[in-house]
1. Are any of the residues in the range 45-58 open to solvent by 20 Å² or more (accessible area, probe 1.4 Å) and in contact (Cβ under 8 Å) with a residue 60 or more places away in the chain?
2. Report every pair of residues separated by at least 6 positions or lying on different chains whose Cβ atoms are under 9 Å apart, first residue within the range 213-226 and under 14 Å from SER169 (Cα atoms) and hydroxyl-bearing (Ser, Thr, Tyr), second open to solvent by 10 Å² or more (accessible area, probe 1.4 Å) and assigned to a strand (DSSP E or B).
3. Given the condition loosely packed, with under 14 Cβ neighbours inside 10 Å and not in a strand (DSSP E or B), answer yes or no: does some residue in the range 193-203 qualify?
4. Taking into account only those residues within the range 65-78 that are hydrophobic (A, V, I, L, M, F, W, C) and surrounded by fewer than 23 Cβ atoms within 10 Å (Cβ to Cβ), which is farthest from the chain's Cα centre (by Cα)?
5. Looking at VAL83, VAL116, which is the one that is open to solvent by less than 10 Å² (accessible area, probe 1.4 Å), under 14 Å from VAL33 (Cα atoms) and touching a Leu at 6+ places or on another chain (Cβ under 8 Å)?
6. Kindly list the number of the only condition in (1) open to solvent by 40 Å² or more (accessible area, probe 1.4 Å); (2) at pLDDT 95 or above; (3) under 27 Å from ARG119 (Cβ atoms) that fails for LYS321.
7. I'd like the residue in the range 217-237 that is closer than 16 Å to PHE260 by Cα and assigned to a strand (DSSP E or B) and, out of all such residues, is most open to solvent (accessible area, probe 1.4 Å).
8. Taking VAL20, is it surrounded by 15 or more Cβ atoms within 10 Å (Cβ to Cβ) and not aromatic (Phe, Trp, Tyr)?
Amino acid sequence: MFAVYAAEPNRDDPLASLTVGERPAPEAPEGWVEVDVTAASLNMHDIWTLRGVGIKPEQFPMILGCDGTGTLPDGSEVVLHSVISDPDWTGDETLDPSRSLLTEKHQGTFAEKVVVPARNAIPKPAGLSSVHAAGMGTAWLTAYRMLFTKSGLRPGQTMLVQGASGGVSTALVQLGRAAGLRVWVTGRGDDKRALAEKLGAHATFASGERLPEKVDGVFETVGEATWSHSMRALKPGGVIVCSGSTSGPNPSADLQRLFFLQLRVVGSTMGTLDELRDLLAFVDTAGITPEVGLELPFEQAEEGFRTMLDGKTAGKIVFTKSQAA
């Protein structure tokens, strides 16, 4: 079958191992289902896979793609949950020590077909297109958990999103606005800040710019480049929710500020199946149209990867099945 995959790990030149070609079609083990892929979104996790981070060399070649939409053999449309936990695990699957994501142990969604546990294929709301739903299982689910499960923020409070144009950031802006929070965003360029404002941000600021007042919560995916600003931006008792560190993982902890102002730093990873169901219902009932910055056929995947590597994202990058397929 046709697939977009990582041929081998390449830490220094990840696109050198990106391959568009043929891979064996998957077989669904007991309790799993085969899904004909309609659309799938690109995530930083795919870049890390190309670099060989979080995956053993012997697991290559690996079909990329953590999330997506598709159809079951009976024709029903589904959204895929990316977190695969032990079948015997109960409770929050993100806490399962043996959990994995698609593309870590199991082949991903950038292909004609993918197999997932039957419980990981959930009905797609009719009001949400396959393209707009394609990013729900990773970026949007991450944002949903950060905001509604981890932050403790309430409608009317002020949230700051560090980084204006990535998939998680744009999801946070749209979700926060729909939930009644005051949404502030930082961004490196006028175009990125303009995108955040278009999506509902109440105010935008240059990266590192002094804010007019302290905020209740900061949402971090950037890491070292923005961490000190995030710490300084918080009210006493405020919270930073962190789900990534694209600019580096080792900023100063600023412990004196942390304990004196009684700040909270909360880690957040992906989300649960129940949270994905709730996310889909919220997006559908709130009438949110997830921002898709670039839509490409799978055959042009390299263009999407290069856009992400160059930092030119403006919402989700989504790959779709060719009309000729």
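The values are calculated or read from the model by the stated rules, or taken from the named source; none is laboratory data. Note that the structure is a prediction, hence the values are computed from the model and not measured. With ideal geometry, Cβ positions are generated from the backbone for all residues, glycine too; neighbour counts draw on all protein chains shown. Heavy atoms of the whole protein, side chains included, go into the accessibility calculation; ligands, DNA and RNA do not. Shrake-Rupley method; radii C 1.70, N 1.55, O 1.52, S 1.80 Å.
1. yes
2. Within 9 Å, the pairs are THR221/CYS242.
3. Step one: list which residues in the range 193-203 are loosely packed, with under 14 Cβ neighbours inside 10 Å, which gives 198.
Going one step further and asking which of them are not in a strand (DSSP E or B), we end up with 198.
Yes, that holds for at least one residue.
4. Residue satisfying both the conditions and the ranking: LEU72.
5. Being open to solvent by less than 10 Å² (accessible area, probe 1.4 Å), under 14 Å from VAL33 (Cα atoms) and touching a Leu at 6+ places or on another chain (Cβ under 8 Å) holds for just one of VAL83, VAL116, which is VAL116.
6. LYS321 satisfies every listed condition except (2).
7. Initial filter on the range 217-237 (closer than 16 Å to PHE260 by Cα): 228, 230-237.
Next, only the ones that are assigned to a strand (DSSP E or B) stay: 234-237.
Values: LEU234: 4, LYS235: 72, PRO236: 100, GLY237: 42 Å².
If we take residues in the range 217-237 being closer than 16 Å to PHE260 by Cα and assigned to a strand (DSSP E or B), then PRO236 is most open to solvent (accessible area, probe 1.4 Å).
8. Numbers: surrounded by 15 or more Cβ atoms within 10 Å (Cβ to Cβ): no; not aromatic (Phe, Trp, Tyr): yes.
The answer is no for VAL20.
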